[in-house]
Structure formats: structure tokens, C-alpha cells
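A quick write-up on the structure given underneath.
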Amino acid sequence: MTQDTSTEYIELNAFLRINGAAGTGGKVKILIKSGCVKVNGETETRNKKKLHAGDIVEYLGKEHAVKEEFIR
């Protein structure tokens with residue numbers, strides 16, 4: 001039996017925290033709400049946006065790919 005990976009995700013705020021975008025969760029939320037974060041080329045302001053493996057998150061001028069090891 002294979003596992004359905006379409007339901008596996010990481011939330012944007014958790015992904016940014018793991019990648020060191022800001023020191024605290026509160027600062028990450030401010031970063032997202034300010035419109036400085038893009039997901040797959042589109043500005044994203046939702047803290048809990050679901051990210052899946054292969055998505056590209058851009059902040060502070062750098063792109064970061066969402067890898068399977070980040071997915072729960």
C-alpha cells in the first residue's frame with residue numbers, strides 16, 4: 001500500500017522558522033504579513049499557507065525549495 005503524499009505539507013511560517021528567516025515565530029509572521037515572501041512566484045501573506053515538496057519559497061532575495069524532509 002502506498003501513502004498518499006498529496007496531504008503531506010508544512011506550513012509557511014514553520015518552513016521559514018526552520019530556514020532561519022527570523023529568530024522567532026512572531027518575527028516570521030511579521031515578515032510574511034509584510035508581503036516580503038513569495039511562494040512559487042506569487043506574494044503570499046498567509047502564515048499557514050500549506051507548502052508541498054517542490055514548492056519554491058523566496059524571501060530576502062533568496063529562493064528555497066521545499067524538500068520532502070521538511071514535510072510531516
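We did not get these values from a lab; they are worked out from the coordinates using the rules stated. In this text, all values refer to a predicted model and were calculated from it rather than measured experimentally.
Summed over qualifying helices (DSSP H, 4 residues or more, each -39500 (n - 2.57)) and divided by its residue number, the chain shows a 222 nm mean residue ellipticity of -6000 deg cm²/dmol.
Averaging over all projection directions, the Cα-based convex hull of region 5-70 occupies 3.9 nm² in the image plane. Based on C-alpha pairs under 8 angstrom that are at least 6 apart in sequence, the chain has a relative contact order of 31 percent.
What the phi angles of region 63-68 give under the Karplus curve with 6.51, -1.76 and 1.60, with θ = phi - 60°, is a coupling list of 9, 10, 8, 7, 9, 4 Hz, glycine and proline written as x.
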